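What follows is one structure encoded as structure tokens, with my remarks underneath.
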Amino acid sequence: MSAELEALLSHNEIFSLLSADQRLAVGRRAQHRRYPKGSYLALYGDVWPYLFIVGDGQVDGVKESEEGRQLFLLSAGRGEVFWGLAFFKEETRMPVSLQARQNSHVYLWPREALVPLLRGAPDALWQLCEKMIGHMQHASQIVEGLAFQPVAGRLATFLLGQFAGLGETAITRDLTLDQIAAKIGTTREQTCRALYQFSDQNLIYITRTELQLLDKAGLARVAGQS
């Protein structure tokens, strides 16, 4: 087992609950895969019976409409775990596509290699169940937002999360309008319109390279947080 994989397993909330011998067995069964930016680990509708941990980069869960619009439902970065549904229930098809948002490498395990080990580690298995619940809650929040929150509110919520996540009042514009639209479930045009509406209201200031937060309380009101 590589030193990198050993560190990833030791610090992960699921695998850290295994004994040293169990982690060694897990490491020996891992498959290392590299994915260039934009490539896919799995496609919507695939039977993909794997669990993986991200070694480096970012893997997104993407839902696409028949018109080509995208909705981002999850994002897994370094040290985070995700899985195909067929890892738990045989022959179950993927509800989303898994795409490398950056050049990424992952360690993955087929169902038959990992499930027997997890069945012998109830604490780790319980933690994996809690992880599943967390993803279900996150997906539910996204669905509720799409159903009940207007585009401006969804965009305001997204921007507040970006500013808070970085602990900054200015964030680099490293996402395209299409990518932001996919994260909040709308179109590029509506996203652009809402951004400049926020600018006209002096909630944010937009430059070619960054977004500056001018009125956090005002943006929170748009998001429905106050």
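Give the number of residues within region 28-58 that are in a strand (DSSP E or B), under 16 Å from residue 2 (Cα atoms) and aliphatic (A, V, I, L, M).
Of all residues in region 28-58, those in a strand (DSSP E or B) come to 31-35, 40-42, 47, 50-56.
Checking the rest, the ones that are also under 16 Å from residue 2 (Cα atoms) come to 31-34, 52-56.
Next cut, aliphatic (A, V, I, L, M) only: 53-54.
Selection size over region 28-58: 2.
Which of the residues belonging to region 193-213 are of a type in the set (A, V, I, L, M, F, W, C) and either surrounded by 15 or more Cβ atoms within 10 Å (Cβ to Cβ) or modelled with pLDDT under 90 (or both)? Write out each step before concluding.
Keep residues of region 193-213 that are of a type in the set (A, V, I, L, M, F, W, C), which gives 194-195, 198, 203-204, 206, 211, 213.
194, 195, 198, 203, 204, 211, 213 - these are the residues of region 193-213 that are of a type in the set (A, V, I, L, M, F, W, C) and either surrounded by 15 or more Cβ atoms within 10 Å (Cβ to Cβ) or modelled with pLDDT under 90 (or both).
Quick check on my filter: what residues within region 133-176 are exposed (fewer than 11 other Cβ atoms within 10 Å of the Cβ) and either of a type in the set (D, E, K, R) or at pLDDT 85 or above (or both)?
133, 134, 144, 174
For residues that are free of Cβ contacts under 8 Å to residues at least 40 places away in the same chain, under 27 Å from residue 190 (Cα atoms) and basic (Lys, Arg), tally how many sit in region 28-80.
Of the residues in that region, 1 qualify.
Report yes if residue 61 is assigned to a loop (DSSP other than H, G, I, E, B) and under 12 Å from residue 100 (Cα atoms), otherwise no. Break it down stepwise before answering.
Values: assigned to a loop (DSSP other than H, G, I, E, B): no; under 12 Å from residue 100 (Cα atoms): yes.
Taking the combined requirement at face value, the residue does not satisfy it.
Here are some residues: 186, 191, 157. Which one is touching a residue at least 24 places away in the same chain (Cβ under 8 Å) and in a loop (DSSP other than H, G, I, E, B)?
Among 186, 191, 157, only 186 is touching a residue at least 24 places away in the same chain (Cβ under 8 Å) and in a loop (DSSP other than H, G, I, E, B).
Considering 104, 75, 16, which residue is closer than 20 Å to residue 131 by Cβ, surrounded by 13 or more Cβ atoms within 10 Å (Cβ to Cβ) and modelled with pLDDT under 95?
Numbers: 104 fails: modelled with pLDDT under 95; 16 fails: modelled with pLDDT under 95.
The unique qualifying residue is 75.
The values are calculated or read from the model by the stated rules, or taken from the named source; none is laboratory data. Since this is a predicted model, take the numbers as computed values, not measurements. Methodologically, a virtual Cβ is constructed for each residue, glycine included, from the backbone with ideal geometry; neighbour enumeration extends over all protein chains shown.
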